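Read-outs throughout are calculated quantities, based only on the coordinates presented, and are distinct from any laboratory measurement. Because the structure is predicted, anything quoted here is derived from the model rather than measured. Note that each Cβ is placed from the backbone with ideal geometry, even for glycine, and that neighbours are counted across all protein chains shown.
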Amino acid sequence: MGGVELLPKEYGYVVLALVFYCFLNFWMAFQVGKARRKYKVFYPVMYATESENKDAKLFNCVQRGHQNSLEMMPMFFVMLGLGGLQHPLIAASLGLLYVVGRFLYFTGYATGDPQNRLKPVGISFLALTGLIVCTISLGINLLRA
């Protein structure tokens, strides 16, 4: 199987947590597409303007919830992938917690009231902080080896 035997068996959970996030991302993108049709915001417009669309805030909240998740995705993927090399079960658990937090963040934001995103964002940041700690631990142990 090539280099697969170099990874801990439990790393499969890390991979699955990453895939769950991909499904969440597809779902959020679909929600933005639905909002585009509902609020009549057509491509290539990224955000609606209130002077041209009375539902601009509602659409922008859906769009922004997805956009913020895309902005955080590279850091999440890297921290999950690296931190999971040494701490696969912890990293996978934190990865799933992050996915749940992102789902709650998005659904709160998509209500049209940006304040509804604030409580769930703490879940994601807690999980991401844990993943950063896992990655720091990997870096320290690599330097000691």
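Neighbour counts of other C-beta atoms within 10 Å: give me ASP55, ASP113 arranged from fewest to most.
Values: ASP55 15, ASP113 12.
If I rank by nearby Cβ atoms, fewest first, I get ASP113, ASP55.
Which percent of Cα pairs goes in each bin when the distances of segment 79-131 are cut into 5 angstrom slices starting at zero?
Calculated P(r), rounded to whole percents: 5, 25, 25, 17, 12, 8, 5, 2, 0.
Considering only DSSP states other than H, G, I, E and B, which trypsin sites (Lys or Arg not before Pro) in segment 1-105 qualify as loop sites with at most 15 other Cβ atoms within 10 Å? Please list the in-between numbers first.
Values: sites: LYS9, LYS34, ARG36, ARG37, LYS38, LYS40, LYS54, LYS57, ARG64, ARG102; in loops: LYS9, LYS40, LYS54.
Here the trypsin sites (Lys or Arg not before Pro) that fit, given the DSSP loop and packing criteria, are LYS9, LYS40, LYS54.
With contacts defined as alpha carbon pairs under 8 Å and 6 or more residues apart, what's the relative contact order of the chain in percent? Before the final figure, lay out the partial values.
Values: 177 pairs, mean separation 40.1, N = 145.
It comes to 28 percent, rounded to a whole number.
Taking just the alpha-carbon atoms of the chain, what radius of gyration and Dmax come out, in angstrom?
Considering the chain through its Cα atoms, Rg and Dmax are 18.0, 60 Å.
Going through segment 39-89, which GluC sites (Glu not before Pro) have at most 12 other Cβ atoms within 10 Å and a DSSP loop state?
Details: sites: GLU50, GLU52, GLU71; in loops: GLU50, GLU52.
Sites meeting the loop and neighbour criteria: GLU50, GLU52.
With axes computed from alpha carbons, what is the tilt in degrees of helix 56-86 against the longest principal axis of the chain, rounded to the nearest 10 within 0 to 90?
The answer is roughly 0 degrees.
Using alpha carbons only, how many angstrom separate the centre of segment 98-139 from the centre of segment 37-80?
Each part's Cα centre sits 17 Å from the other's.
Could I have the simple spin-label model distance between LEU16 and ALA56, label points 7 Å from Cα toward Cβ, reported in nm to one decimal?
Those two pseudo-labels are separated by 4.6 nm.
Rounded, prolate or oblate: pick one for segment 1-86, where a ≥ b ≥ c are the square roots of the eigenvalues of its C-alpha gyration tensor, a/c under 1.5 means rounded, and failing that, prolate if a/b is larger than b/c, else oblate.
Working: a/c = 4.41, a/b = 3.31, b/c = 1.33.
In terms of gyration-tensor shape, prolate.
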